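Input: a single structure, listed below in structure tokens.
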Amino acid sequence: MPQLMQDWFIEAMDSTGSAVGFRVRKKLEDVTTPFQHIEIYETTDFGNLMVIDGCIMLTGRENFFYHEMLTHPVLCTHPEIRQVAIIGGGDCGTLREVLKHPGVKSVTQVDIDEMVTRLSEKYFPELCESNQDPRATLLFEDGLEWIENQPENSLDLLIIDSTDPVGVAEGLFEHPFYKMCFRALKPGGVLVQQSESPLLHTALIADMQEKLKAVGFRSTDWLHFPQSCYPSGWWSTTVARKGGQLKLPYPPETINLKTRFYNREIHQAALAKPAFWRN
Ligand code: SAM
């Protein structure tokens, strides 16, 4: 249950017996849309903070870990990727990172809630700096409905940058959605999804791998990286490929990307599995 006490925004989670918090100077926005409750705070040390339905989404200071790790490990190892879609991602940070890859020809971002993007333009303008790129299309609709209407074999990469698997995002972690993603991806196409904390949500990560395999993805994996604003400070992405093996180990060619966290060594480290993971 989220709390705002003595100038701190604290996301306290009864289910995990832990909390994440930031000291705040003031609340900048408090908006209830047809889909969710969005709050923006100015923090003392981490820039602006976005909260959706009481859950911390991002801060200005450290969102680059998440956005870089959701995109570059796959885009650097699968240079054949041309047509990309992002489901969720309304803050536009993932879109910005995808567009750093010159081989990408088009990116469609589909977020259910236009207000997330409008508030990001105002309070996180650096994340929205590539929104006018001619390769980008921003749509505001339910990703579940959108994917159903995509032609078969039409996408090279599908990135699911959603909120936690509750409320409007719940269906984005279920079999029927994965089946539609599989259908929309080209043979050899890749799916990447944020998959919560390897410490707190180990079962969810294992469950996602099973569900993805059950709908036909032959090759799946997951990567991990630090993310201080999310529960446990340790986060993950799950990756799956339609036909063919994932080519995740870093390729020998040098890739020239302007990043703050991601590089060759981080890429390799993100693929290493903790001793407790049995696969
Ligand atoms: N990095 C964040 C995290 O892991 O907490 C996610 C950030 S991004 C702001 C999450 C976005 O997913 C929100 O903007 C929300 O509107 C969107 N979203 C949730 N369910 C959705 C759905 N069914 N279709 C499209 N977008 C959805």
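The values are calculated or read from the model by the stated rules, or taken from the named source; none is laboratory data. The model shown is predicted, which means the values in this text are computed figures rather than measured ones. With ideal geometry, Cβ positions are generated from the backbone for all residues, glycine too; neighbour counts draw on all protein chains shown. In case anyone asks, the SASA skips ligands and DNA or RNA and just uses the protein heavy atoms, side chains included. Shrake-Rupley method; radii C 1.70, N 1.55, O 1.52, S 1.80 Å.
General remarks:
- Matching residues in the stretch 183-204 - criterion: being of a type outside the set (D, E, K, R) and crowded, with 19+ Cβ neighbours inside 10 Å: 184, 185, 189, 190, 191, 192, 193, 194, 195, 197, 198, 201
- Qualifying residue in the stretch 158-168 (condition: over 16 Å from the mean Cα position of the chain (by Cα), under 25 Å from residue 93 (Cα atoms) and not aromatic (Phe, Trp, Tyr)): yes
- The single condition among (1) open to solvent by less than 10 Å² (accessible area, probe 1.4 Å); (2) within 20 Å of residue 138 (Cα to Cα); (3) more than 8 Å from the ligand (Cβ to nearest atom) that residue 108 does not satisfy is (1).
- Subset of the stretch 1-28 [touching a residue at least 24 places away in the same chain (Cβ under 8 Å) and surrounded by 15 or more Cβ atoms within 10 Å (Cβ to Cβ)]: 2, 9, 11, 13, 18, 20, 22, 24, 28
- For the stretch 58-69, the condition of being more than 12 Å from the ligand (Cβ to nearest atom) and either open to solvent by 10 Å² or more (accessible area, probe 1.4 Å) or more than 26 Å from residue 269 (Cα to Cα) (or both) holds for at least one residue.
- Residue in the stretch 215-259 that is farthest from residue 9 (Cα to Cα), counting only those that are open to solvent by 30 Å² or more (accessible area, probe 1.4 Å) and within 16 Å of the ligand (Cβ to nearest atom): 224
- Looking only at the stretch 260-270, and only at residues there that are in contact with a Pro (Cβ under 8 Å, 6 or more places away or on another chain) and surrounded by 15 or more Cβ atoms within 10 Å (Cβ to Cβ), the one that is nearest to residue 210 (Cα to Cα): 270
One line per residue, one yes/no per condition, for (1) touching a Gly at 6+ places or on another chain (Cβ under 7 Å); (2) modelled with pLDDT of 95 or more; (3) part of a strand (DSSP E or B):
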{"position": "45", "(1), (2), (3)": "no, yes, no"}
{"position": "50", "(1), (2), (3)": "no, yes, yes"}
{"position": "69", "(1), (2), (3)": "no, yes, no"}
{"position": "76", "(1), (2), (3)": "no, no, no"}
{"position": "84", "(1), (2), (3)": "no, yes, yes"}
{"position": "100", "(1), (2), (3)": "no, yes, no"}
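- Residues in the stretch 117-137 that are open to solvent by 30 Å² or more (accessible area, probe 1.4 Å) and not in a loop (DSSP other than H, G, I, E, B): 7 in all.
- Where residue 95 falls short, out of the listed (1) among the hydrophobic types (A, V, I, L, M, F, W, C); (2) in contact with a helix residue (DSSP H, G or I) (Cβ under 9 Å, 6 or more places away or on another chain); (3) open to solvent by 50 Å² or more (accessible area, probe 1.4 Å): (3)
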